[in-house]
Amino acid sequence: MQVAVLATGGKDSTLALHRVLKMGCTVKYLVSMVPVREDSWMFHYPNMHLMDLFADAVGIPLVKGETFGDKEAEVEDLKHLIAKLDVEGLVSGAIASNYQKMRIEQICKQLNLRCLSPLWGENPAKILEEILNLKFEVIVAGVYAYGFSRDWLGRKIDDAAVKALVELNKRFGVSLVGEGGEYETLVVDAPFFRKKLKIVDAETVWKGQSGYFIVKKAMLEEKPM
């Protein structure tokens, strides 16, 4: 099946991409919606300017659209973008967000596409375990929930970080995978990447109880054969 994958550069969409590649799907496009405002209902915000590099690292063409982030208008913006593509299915990294899944399913129904959500309903702890086992290199790009501190920004998701997330989940109800928007991530390398994303310059922006890890300069780095 020829598909497009909704891609943010984050861990969930990247794991979904990995899964459909393993299933034997032909991924013709990565599709990224770039929100103009920080508080988009549907779409990832931090470091979306890196998606061209991300697509080059993965080796799959990127199709980008821009949205102002209005609640229903941004769904239409995505539909107009997807409608131009010659694919049979659309893939998302949704895990537990009914809001996200229902709107993507609506788009697929209107465009007569198969809707693939390979992570849907899975145990969040198992997803983090899989990401570690697959040796995805993931950093935290944004935090938005009570319990997180500034030192999470740019932090690598490793065994220690997962244990800390489990503790935040127990104390504050933070989703282990950030499905409620509690945190966002950036994948800089994975086994199926052709090149690695190397961060050259970055800064943290902290606003009271939330913040971003903004990559100001990045480059692609060759991987050992």
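The values are calculated or read from the model by the stated rules, or taken from the named source; none is laboratory data. Here the structure is a predicted model, which is why all the values come from computation and not from measurement. With ideal geometry, Cβ positions are generated from the backbone for all residues, glycine too; neighbour counts draw on all protein chains shown.
Computed quantities for the displayed model
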quantity	calculated
Lone unmet requirement of (1) surrounded by fewer than 16 Cβ atoms within 10 Å (Cβ to Cβ); (2) of a type in the set (Gly, Ala, Ser); (3) in contact (Cβ under 8 Å) with a residue 12 or more places away in the chain for Ser149	(3)
Residue, farthest from Ala125 (Cα to Cα), within the range 57-84, restricted to residues that are surrounded by fewer than 17 Cβ atoms within 10 Å (Cβ to Cβ) and out of contact with any helix residue (DSSP H, G or I) (no Cβ under 8 Å at 6 or more places or on another chain)	Lys84
Qualifying position, being buried (at least 19 other Cβ atoms within 10 Å of the Cβ) and aliphatic (A, V, I, L, M), among Val187, Val205, Val200	Val187
Flag if Met219 is free of Cβ contacts under 8 Å to residues at least 40 places away in the same chain, over 24 Å from Ala96 (Cβ atoms) and among the aliphatic types (A, V, I, L, M)	no
Top-ranked residue in the range 82-98 [being within 28 Å of Leu165 (Cα to Cα) and of a type in the set (Val, Ile, Thr); ranked as modelled with the highest pLDDT]	Val91
Strands (runs of 3 or more DSSP E) fully within the range 1-73 counting 2 or more residues that are aliphatic (A, V, I, L, M), in contact with a Gly (Cβ under 9 Å, 6 or more places away or on another chain) and at pLDDT 95 or above	2-6
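Conditions tested, residue by residue: (1) touching an Asp or Glu at 6+ places or on another chain (Cβ under 7 Å); (2) charged (D, E, K, R); (3) modelled with pLDDT of 95 or more.
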| site | (1), (2), (3) |
| --- | --- |
| Lys79 | no, yes, no |
| Gln100 | no, no, no |
| Arg114 | yes, yes, yes |
| Glu129 | no, yes, yes |
| Lys163 | no, yes, yes |
